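Below is one structure, written out as structure tokens; comments come after it.
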Amino acid sequence: MSEMTTSSRSRVLAGPDVFERICEEILRRERFLLTSHARPDGDSIGSQLAMAYALDALGKQVRLVNADAAPDHYREFPGLDRIEIAERCDAEADALIVMECSDLTRTGVSGLEGHYIINIDHHAGNRMYGALNWFDESAAACGEMVFDLIRALGVSLTREIATHIYLAILTDTGSFHHSNITPRTFDICRQTVEAGVNPAAMARRVFDSNSFGKLKLIGALLNAMELTDNGHLAVLAIDDDMLAACGCTHNDTEGVINLPLTAREIQAVVFFKVVASGDVRVSMRSKYDVDVRLVASEHGGGGHRNAAGFTVPGPLAEVRPQIIARLGKAIAEGMHRQEDDE
Ligand code: 5GP
Ligand code: MN
């Protein structure tokens with residue numbers, strides 16, 4: 001039954017024949033290069049490695065490259081050491097499979113332009129930069145799409161593949177919090193559990209793996225949190241002094257942005273990080289109809305309605321009030337729609 005749901009959905013949303021074409025091209029090519037976005041998250045890592053294990057099973061040659069290393073707590077997952085970290089890649093390949101990237105620059109890796117590109121993504125605003133573009137905004141995670149592909153290629157769900165698909169879904173749904181979760185999300189998860197995934201162990205590995213330093217950092221960040229817009233917007237900011245005081249790196253900030261949303265009043269969170277270049281990296285999360293992707297796209301970034309980001313030149317003191325004001329507007333509009341819906 002799940003196979004039926006899978007293929008009918010793909011045909012409708014992949015555009016005419018794109019899904020079938022991707023299968024054909026994968027089967028007839030030999031050497032694959034796989035990449036995903038810079039600062040990889042659970043969906044990018046999970047999609048990439050599930051795909052790699054599936055290609056292994058088909059007897060293909062596989063290389064994986066990303067611009068940045070995965071956060072520490074992903075490093076114990078199978079195959080992480082296969083991913084090369086490089087800002088440029090001149091590897092030869094018969095096809096480059098790009099997952100989770102709305103445009104090729106999102107990879108953060110240069111030298112990829114000349115390849116035969118298969119683009120698999122679920123972010124709104126995908127630029128369709130591949131020879132084959134499979135875009136499905138309704139997928140709760142890119143890992144759902146990779147699952148479809150793997151099954152259609154006739155590869156069985158090994159424990160490694162199932163682990164990475166579950167990792168992709170668990171993290172990209174915000175541990176089953178976000179709005180694009182569908183029955184098929186659970187159907188895929190059911191199949192991964194049948195293939196040997198232990199959900200409790202996965203949750204512990206992904207969410208209960210903080211260092212003491214990270215706990216201190218969470219305390220410091222929440223202590224310094226500012227509330228605006230009648231308590232509907234939470235503002236977090238981090239600088240190198242705060243990181244150093246807690247013995248942390250930027251990697252340790254992962255996931256912290258979701259904590260303020262656990263307060264009932266808070267509709268959106270913005271997290272400002274000043275990075276080494278002096279640029280300001282802006283991450284946003286929201287609830288319901290508060291559209292943070294729109295705010296990100298106005299600044300050259302992207303993401304989803306409830307999780308998006310972008311990078312702007314500093315200084316922080318200058319950009320901060322502008323972005324807070326823009327988010328105030330997004331909250332007012334989103335809350336309006338919410339009331340209309342009810
Ligand atoms: P995060 O805040 O965790 O870095 O990103 C949240 C979501 O927004 C993810 O889906 C991520 O891929 C997307 N995103 C974050 N930063 C950017 C960006 O600079 N450009 C685009 N296109 N998407 C982004
Ligand atoms: Mn994703």
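Below, the figures for the structure above:
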item	result
Inter-label distance, nm, simple model (7 Å from Cα along the C-beta direction), Asp239/Ser175	3.2
Relative contact order (percent, whole number), region 77-208, Cα cutoff 8 Å, 6+ residue spacing	17
Over the chain, relative contact order from alpha-carbon pairs under 8 Å, at least 6 apart, %	12
Accessible-area value, Tyr166, 1.4 Å probe, nucleic acids and ligands omitted, Å²	20
Whole-Å distance, taken between Cα centres, linking region 288-330 and region 57-106	28
Vicinal HN-Hα couplings computed from phi for region 74-84 (Karplus, 6.51 cos²θ - 1.76 cosθ + 1.60; Hz; Gly/Pro x)	8, 5, 7, 6, x, x, 4, 6, 7, 7, 7
Tilt relative to the chain, helix 212-223 - C-alpha long axis, 0 to 90 degrees, to 10	50
Low-density loop cleavage sites - GluC sites (Glu not before Pro) in region 42-124, where at most 10 other Cβ are within 10 Å (DSSP)	Glu76, Glu92, Glu113
Reach of Lys329 by Cα under 21 Å, taken over lysines that are not fewer than 8 positions away in the same chain	Lys287
Calculated from backbone phi, Karplus (6.51, -1.76, 1.60) coupling profile of region 151-159 in Hz, x at Gly/Pro	5, 5, 6, x, 8, 7, 7, 6, 4
Positive dipole terminus of region 47-130, leading residue within Leu112, Asn66, Ala50 (C-beta point charges)	Ala50
Electrostatic dipole magnitude of the chain [Cβ: Lys, Arg +1; Asp, Glu -1; Cα centre; debye, to 20]	360
Under the Karplus curve 6.51 cos²θ - 1.76 cosθ + 1.60, θ = phi - 60°, whole-Hz ³J(HN,Hα) for region 264-273, x wherever Gly or Pro sits	4, 5, 6, 9, 8, 10, 10, 10, 9, 10
Trypsin sites (Lys or Arg not before Pro), loop per DSSP, at most 12 other Cβ atoms within 10 Å - longest free stretch of the chain	76-263
Accessible area of Ser211 in the full protein assembly, 1.4 Å probe (Å², nearest 10)	50
Calculated FRET value between Asn223 and Asn251, using beta carbons and R₀ = 22 Å, to 0.05	0.60
Helix 183-194 axis, angle to the chain major axis (alpha carbon atoms, nearest 10°)	70
Cleavage-rule hits, GluC sites (Glu not before Pro), region 116-211, DSSP coil, Cβ neighbours within 10 Å at most 16	Glu137
Beta bridges per DSSP with both ends in the chain, % antiparallel, nearest 5	40
Residue-averaged [θ]222 nm for the chain, counting only DSSP H segments that reach four residues, each worth -39500 (n - 2.57)	-12500 deg cm²/dmol
Long-range HN-HN contacts of Ile117 with modeled amide H, under 5 Å	Leu96, Ala131, Leu132
Percent of Cα pairs exceeding the 32 Å cut-off, where the set is the chain	29
Cα centroid separation, region 215-237 to region 162-212 (Å)	27
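The values are calculated or read from the model by the stated rules, or taken from the named source; none is laboratory data. Everything quoted here is computed from the prediction, not taken from an experiment. So basically every Cβ, Gly included, is an ideal-geometry build from the backbone, and we count neighbours across all protein chains shown. SASA here: full protein model, heavy atoms, side chains in, ligands and nucleic acids out. Shrake-Rupley method; radii C 1.70, N 1.55, O 1.52, S 1.80 Å.
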